[in-house]
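Asks: What follows is a single structure, and I will ask about it in a moment.
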Amino acid sequence: QVQLVESGGGLVQPGGSLRLSCAASGRTDNILAMAWYRQAPGKQRELVALITNSGMTNYADSVKGRFTICRDNAKNTLYLQMNSLKPEDTAVYYCYVRQPKPAWGQGTQVTVYS
């Protein structure tokens, strides 16, 4: 099974940027897709962005045009570039791997405050 370690969260003011990273190790050869989810307090976990092995991407409407997901396959690392951050982007962000045994990272906190 794959192990995931996220990094890059933190505090930022509205309009600012952050880049999240997710390093995958272990069984990475059968990964079908990778994604970022987020969960705000009192809300359900939601898909933020997804990227397939072929490079196709899908974004939540709320982040289109502001967030960019990409993968470095050589490093087995997933990224999420977040620009023009808003207070409503505040959440714990989780890395997710779609494979026969799906895996989640431990989460990284992103807080956008005025």
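The values are calculated or read from the model by the stated rules, or taken from the named source; none is laboratory data. Every value quoted in this text rests on a predicted model; they were computed, and no experiment measured them. As a convention, Cβ positions derive from the backbone with ideal geometry for all residues, glycine included, and neighbour counts pool all protein chains shown. For the accessible areas, the whole protein counts, side chains as well, though only heavy atoms, and no ligand, DNA or RNA atoms are used. Shrake-Rupley method; radii C 1.70, N 1.55, O 1.52, S 1.80 Å.
Asks: If you stretched the chain out fully between ARG45 and LYS86, how much longer would it get, using 0.36 nm times the residue separation minus the C-alpha to C-alpha distance? Don't skip to the answer; put the middle values down first.
Replies: Working: separation 41, 0.36 × 41 = 14.76 nm, distance 1.77 nm.
Stretched fully, the ARG45-LYS86 segment lengthens by 13.0 nm.
Asks: Next question, about the same structure. Points 7 angstrom from Cα along the Cβ direction at GLN1 and TYR113: gap in nanometres?
Replies: 3.5 nm
Asks: Through the Karplus equation 6.51 cos²θ - 1.76 cosθ + 1.60, θ set to phi - 60°, convert the phi angles of the stretch 28-36 into ³J(HN,Hα) values in whole Hz; use x for Gly and Pro.
Replies: 10, 6, 10, 6, 9, 7, 10, 8, 10
Asks: Using alpha-carbon positions, what is the distance between the centroids of the stretch 1-46 and the stretch 50-72, in Å?
Replies: Measuring centre to centre over Cα atoms gives 12 Å.
Asks: Okay, moving on. So, for the chain, what is the accessible surface per residue at a probe of 1.4 Å, expressed in square angstrom? Before the final figure, lay out each step's value.
Replies: Numbers: 6000 Å² over 114 residues.
Solvent-accessible surface per residue comes out at 53 Å².
Asks: How far, in nm, would the chain grow between ARG66 and LYS101 when pulled straight, counting 0.36 nm per residue and subtracting the alpha carbon separation? Don't skip to the end; give the middle numbers.
Replies: Working: separation 35, 0.36 × 35 = 12.60 nm, distance 3.05 nm.
Here the segment from ARG66 to LYS101 would lengthen by 9.5 nm.
Asks: Could you work out the relative contact order of the chain? I mean the mean sequence separation of Cα pairs under 8 Å and 6+ apart, divided by the number of residues, in percent.
Replies: On the way: 278 pairs, mean separation 42.3, N = 114.
Contact order relative to length: 37 percent.
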